[in-house]
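Comments concern the structure below.
The values are calculated or read from the model by the stated rules, or taken from the named source; none is laboratory data. Source: prediction; values computed, not measured. Cβ sites come from the backbone with ideal geometry, for glycine too, and all protein chains shown count toward neighbours. Calculation scope for accessible area: heavy atoms of the full protein, side chains included, ligands and nucleic acids excluded. Shrake-Rupley method; radii C 1.70, N 1.55, O 1.52, S 1.80 Å.
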Amino acid sequence: MEQLKEILHSGTCLGVARSLQGELKLFERCGVADLFSLVSDEPQFLREASVADKVIGRGAALLLVKGGAREVYAEVISSGALDVLSRAGVTVSFGKEVPNIINRTGTDVCPVEKLTAGTSSPDEAYRLIKDFLKDKNL
């Protein structure tokens with residue numbers, strides 16, 4: 001995890017995942033788009049993977065659980081995300097816990113955080129996020 005944190009803090013990406021086999025994937029898009037793509041396009045990659053990310057909200061946490069991540073570090077994590085990951089048995093460390101992730105303009109709760117607030121099902125969250133990203137053309 002220390003290597004992943006170093007990569008994250010280097011400023012070259014917004015997040016990074018390391019598969020059980022040691023392969024690295026960098027997250028370069030804001031929000032959950034890269035994580036969603038990884039869960040969709042390479043479903044085996046996250047099985048037992050380690051992930052370090054700048055911000056993890058409830059939606060990202062549910063995607064990480066769906067993907068089977070083993071260990072997660074977040075610079076900022078929402079209370080909802082921490083609960084989701086802890087209940088799933090994922091090892092979690094973080095810099096700062098906040099009640100909710102705030103949107104990019106700082107005016108409201110993150111839309112994906114809101115979208116997934118009513119579910120604890122990783123599969124349902126996946127479907128909700130898929131529709132959300134499709135609507136945003138991401």
*Counting only residues that are polar (S, T, N, Q) and modelled with pLDDT of 95 or more, give me the helices (runs of 4 or more DSSP H) lying completely in segment 73-138 with at least 2 of them.*
79-87
*asked:* Give all pairs with beta carbons closer than 8 Å in which a residue from segment 43-57 that is over 23 Å from SER79 (Cα atoms) meets a residue that is of a type in the set (Lys, Arg); count only pairs at least 6 apart in sequence or on separate chains.
replied: PHE45/LYS25
_Within segment 33-52, considering residues that are open to solvent by 20 Å² or more (accessible area, probe 1.4 Å) and outside any helix (DSSP H, G or I), the one modelled with the lowest pLDDT_ = PRO43
*Could you please let me know if GLY95 is closer than 23 Å to HIS9 by Cβ, without any contact (Cβ under 8 Å) to a residue 24 or more places away in the chain and surrounded by fewer than 18 Cβ atoms within 10 Å (Cβ to Cβ)?*
yes
*Residues within segment 53-72 that are in a helix (DSSP H, G or I) and not charged (D, E, K, R), tallied*: 8
*Go through segment 1-32 and give me each residue that's of a type in the set (A, V, I, L, M, F, W, C) and either assigned to a loop (DSSP other than H, G, I, E, B) or crowded, with 16+ Cβ neighbours inside 10 Å (or both).*
MET1, LEU4, ILE7, LEU8, CYS13, LEU14, VAL16, ALA17, LEU20, PHE27, CYS30, VAL32
*List pairs: first in segment 68-80 and touching a residue at least 60 places away in the same chain (Cβ under 8 Å), second buried (at least 24 other Cβ atoms within 10 Å of the Cβ), Cβ under 7 Å, 6+ apart or cross-chain?*
TYR73/ALA52
_Let me confirm something: among ILE129, ILE77, ILE102, which residue is open to solvent by 50 Å² or more (accessible area, probe 1.4 Å) and out of contact with any His (no Cβ under 7 Å at 6 or more places or on another chain)?_
ILE102
